[in-house]
Amino acid sequence: MLFKQQALLRQKLFVLGSLAIGSLLYLVARVGSLDRLQPLCPIDGRFGPRSQDEIPLRALQFKRGLLHEFRKGNATKEQIRLHQLPKAIIIGVRKGGTRALLEMLNLHPAVVKASQEIHFFDNDENYAKGIEWYRKKMPFSYPHQITIEKSPAYFITEEVPERIYKMNSSIKLLIIVREPTTRAISDYTQVLEGKERKNKTYYKFEKLAIDPNTCEVNTKYKAVRTSIYTKHLERWLKYFPIEQFHIVDGDRLITEPLPELQLVEKFLNLPPRISQYNLYFNATRGFYCLRFNIVFNKCLAGSKGRIHPEVDTSVITKLRKFFHPFNQKFYQITGRTFNWP
Ligand code: A3P
């Protein structure tokens, strides 16, 4: 008798325990996804009439609607998830914070990122494979989501503007920049780390950045050339009007990412969905990390945010003086001024 009662009690406890765990898991999933599942539609009123190139943003309702249709047999699987060509590309600048920008934009429910750098437009071999090859490289997305890819080499490669123009002349182009000298040193640090990994020696930054014969800035050094933003931008402007570009402040994205991301949301005609909740400062990393929901968060890989080698102050001063006129021109063209020295 006692044994039977104990068995019954155990059974009841098991059922109650399962129910409690089930409810808890449901709550975790529900609360965690709240920020991504806010209704998206009220944006219409807030943003005024929708312009022609505006991206419709009922992504999630649309997704659910299609799923329903799919279950009823009225929609095909292809209608639900497609490889879509990007509607926006982060074209550069290398070491400007391109990965952080892409990952942070991916917090938005209507954005889908291409995880890898595709290098379609800057690599002749890839480009020869054709646009369908490129499309297939894109992640699956729902029709009303936008795909974004980033390949920082696009910004400095001569053939790229024309090639992108041929694909989509109204594409939106994002450029993330940092103070040019810091960017050049970051660029050098990445190469240096690669050499060290292979047990190779490498020159000091000062030796590469300054021509030993003239004692002037060495404009043949790639890390220097890449930081002359205006020169590259001018090439792009032969194909695209300035309105199709948005300049992101990479230095501010490090210290205060949300306002920069909000400007990008606006540029892409996306309703504001990325919030402070999605970004938290990780003191150990010294950078903001990403929070998708209460169970899923991540920081960027350790290769982002390297410690730079110390550089001779006279070289830094020389470089800053060298970049100054190019920076002024860049501010003038883009309409965005930075406090670069
Ligand atoms: P450093 O390694 O010089 O610090 P990219 O992705 O274009 O290669 O840019 C790398 C740079 O992104 C890093 O340069 C880092 O400063 C910057 N960055 C911006 N936001 C970051 C973040 N949240 N986490 C890590 N790095 C970030």
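What follows is calculated from the coordinates using simple rules that are stated; it is not laboratory data. In this text, all values refer to a predicted model and were calculated from it rather than measured experimentally. When we count neighbours, we look across all protein chains shown, and the Cβ atoms used for this are built from the backbone with ideal geometry, even at glycine.
Over the residues of the range 82-334, compute the C-alpha Rg and express it relative to 2.2 N^0.38 Å.
Relative to the rule-of-thumb radius for its length, the range 82-334 sits at 1.03.
Please give every one of the lysines within straight-line cross-link reach of K166, meaning a C-alpha to C-alpha distance under 17 Å, and leave out same-chain neighbours fewer than 8 residues apart.
Straight-distance partners of K166: K87, K129, K238.
For the pair E256 and K222, how long in nm is the line joining their label points, each one 7 Å along Cα→Cβ?
3.5
Mind sorting W133, W236 by how few other Cβ atoms lie within 10 Å of their own Cβ, fewest first?
W133, W236
Rounded, prolate or oblate: pick one for the range 200-274, where a ≥ b ≥ c are the square roots of the eigenvalues of its C-alpha gyration tensor, a/c under 1.5 means rounded, and failing that, prolate if a/b is larger than b/c, else oblate.
In terms of gyration-tensor shape, oblate.
Simple spin-label model, 7 Å along Cα-to-Cβ: Y331 to L263 in nm?
It is 1.4 nm.
Determine, for I171, I90, the number of other Cβ atoms within 10 Å of each Cβ, and report the residues in order from fewest to most.
Ascending Cβ contact count within 10 Å gives the list I171, I90.
To the nearest 0.05, what FRET efficiency results for C215 and D124 with a Förster distance of 35 Å applied to their C-beta separation?
Result of the calculation: an efficiency of 0.40.
Which order do the peptides 291-300, 211-220, 278-287 come out in when sorted by mean C-beta neighbours inside 10 angstrom, highest first?
Output ranking for 291-300, 211-220, 278-287: 291-300, 278-287, 211-220.
Hey, how many Å between the Cα centroid of the range 276-331 and the Cα centroid of the range 202-268?
13
Measuring from centroid to centroid over Cα atoms, what is the spacing of the range 154-170 and the range 77-125 in Å?
Rounded to whole Å, the Cα centres lie 15 Å apart.
Please compute the net charge surrounding P161, taking Lys and Arg as +1 and Asp and Glu as -1 over other residues with Cβ under 12 Å from its Cβ.
Result for the local shell: -1.
Greater than 19 Å separation of Cα atoms is the criterion. Which listed pairs, K113/K195; K136/K304; K195/K318; K195/K222; K304/K329, meet it?
As for pairs spanning more than 19 Å Cα to Cα, those are K113/K195; K136/K304; K195/K318; K304/K329.
Just need the relative contact order of the range 89-247 here, percent rounded to a whole number, with Cα pairs under 8 Å and 6+ apart.
Relative contact order of the range 89-247: 30 percent.
Using mean Cβ contacts within 10 Å as the protection proxy, how do 152-164, 253-265 order, highest first?
152-164, 253-265
Where does the Debye-calculated log10 I(q)/I(0) of the range 170-213 sit at q = 0.20, 0.29 Å⁻¹, using only Cα point scatterers of equal weight, no solvent?
For the range 170-213 at q = 0.20, 0.29 Å⁻¹, log10 I(q)/I(0) is -0.74, -1.04.
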